[in-house]
Amino acid sequence: MRETEEPFDFPEPLASGDGALVYLSLGSLGSADVELMRRLVDVLSRTPHRYLVSMGPRADEIELADNMWGAARVPQTSIMPLVDLVITHGGNNTTTEAFHFGKPMIVLPLFWDQYDNAQRVDELSYGVRLDTYAFEDRELHEAIDRLLVDTGLRDRTAKEGQEIRRRDGKTRAADLIQSVAR
């Protein structure tokens, strides 16, 4: 679990807007697919929700909708506790951090470990896996709506995130490594 020192000041007008708050991140490589990012911006612009978007290395080529705020790089671990839902590529960092903060996910895998992470998230009902390039607009809209109203899921992920944070695995792992090194 990464930590960031950067505080996150909630941007206006998202801070006072209506709808759930959703974080969109496809990682550095995924967000470099400008056509995919533009499609996601278009599809998500037609929902009543607000979006924080990690735009990646080609941010200057992506125009966000009025219900969105984003930057090339955002302090993900400062943003994650604030959101209701995460839309991710399913990379290990974002997936682990979503679990750490107890957030349900929509996973749009692109390559490597992301397919396995997406499948496990879906199978274990921590979220929904969609076909990254072939999803129908309505599928993404329905997945968002379903996950946001599923109070059982949101309660379960929040409770499990709290337990993950309580266990402080990062410190325990560091202590184990030090003891082995000695």
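Since every read-out is calculated from the coordinates, none of them should be taken as a lab result. The structure displayed is predicted, hence computed values, not measured ones. A quick note on method: Cβ atoms are made from the backbone with ideal geometry, for glycine too, and the neighbour counts reach across all protein chains shown.
Points worth noting:
- Computed [θ] at 222 nm, helices only, for the chain once each DSSP H run of length n ≥ 4 contributes -39500 (n - 2.57): -14000 deg cm²/dmol
- Neighbour cut-off at most 13 other Cβ (10 Å), DSSP loop, chymotrypsin sites (Phe, Trp or Tyr not before Pro), the stretch 80-166: F111, W112, Y133
- The slack in the chain from Q178 to D9, taken as 0.36 nm per residue of separation less the alpha-carbon distance, amounts to 57.2 nm.
- Charge context of R154, other residues only, Cβ under 9 angstrom, K/R +1, D/E -1: -1
- Maximal additional length on extending the L29-E139 stretch stands at 37.2 nm, based on 0.36 nm per residue less the C-alpha distance.
- Over the chain - Rg/Rh using Cα atoms and the Kirkwood inverse-distance radius: 0.97
- In a DSSP loop and with at most 11 other Cβ atoms within 10 Å, the GluC sites (Glu not before Pro) in the stretch 1-57 are E3, E5.
- Once the Kirkwood radius over Cα pairs is known for the stretch 1-85, the Stokes-Einstein relation at 20 °C and 1.002 mPa s delivers a diffusion coefficient of 164 µm²/s.
- The stretch 92-182 shape via C-alpha gyration tensor axes, a/c threshold 1.5: oblate
- Degrees, to the nearest 10: 169-181 long Cα axis against longest axis of the chain: 40 degrees
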